[in-house]
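Working notes, structure below.
Throughout, read-outs are computed from the coordinates displayed, never taken from laboratory work. Given the structure is predicted, the values throughout are model-derived calculations rather than measurements. Because the Cβ atoms are built from the backbone with ideal geometry, glycine has one as well, and the counts that use them run over all protein chains shown.
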Amino acid sequence: MSGFLDSIRCGDCECNVDWGEKRNTIASVAAGVLFFTGWWIIIDAAVKYPDQDNFNHAYHACGVIATVAFLMINAVSNGQVRGDSYSEGCLGQTGARVWLFIGFMLAFGSLIASMWILFGGFVVPQKAVVYPGIAVFFQNAFIFFGGLVFKFGRTEDLWQ
């Protein structure tokens, strides 16, 4: 999956753009847009429904956990997980793998919790206002996919 931008053609034109050099930039911008969109949606819901009756503000915890997971997942490079560039430190390669695993567990957990909030808090009780539940779910989905794009969309070959 890490080479999906390498073979993109620009239609029928002969403008052969070298996406390999711009791959990290494109992935970083796309991940930033996804992350920003997620937080924009939840801020919109919080502004539109400021009272606790329609939108319990404890639901923001899922987005905060997703953001921490985003940072944890992208704090370790693929070389550190493989053991190519990281042999020192208190835990070495094993520590990097455990850190990445905990980050993914937090990311999946926040996504599942946002689904729980959507269905358990808004859809099943048939509340009149469902948008805050949808906003919580989409916030976590956008942050989750932004983290995946930022982790796996970039290549480390251009860093050296």
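Summary table below
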item	result
VAL68/THR25 FRET efficiency (R0 22 Å; Cβ-Cβ; nearest 0.05)	0.30
Fewest-first ranking of SER28, SER110, SER77, using other Cβ atoms within 10 Å as the exposure measure	SER28, SER77, SER110
Packing-based exposure ordering (other Cβ within 10 Å, fewest first) of VAL124, VAL136, VAL33	VAL124, VAL33, VAL136
Cβ-based exposure ranking for MET115, MET105, in which fewest neighbours within 10 Å come first	MET105, MET115
Karplus 3J(HN,Hα) series, Hz, for the stretch 133-150 with 6.51 cos²θ - 1.76 cosθ + 1.60 (x for Gly, Pro)	x, 5, 5, 5, 5, 5, 4, 5, 5, 5, 5, 4, 5, x, x, 5, 5, 5
For the stretch 25-67, diffusion coefficient by Stokes-Einstein and Kirkwood Rh (Cα), 25 °C, 0.890 mPa s, µm²/s	213
Cα Rg over Rh - the stretch 49-160, Kirkwood	1.13
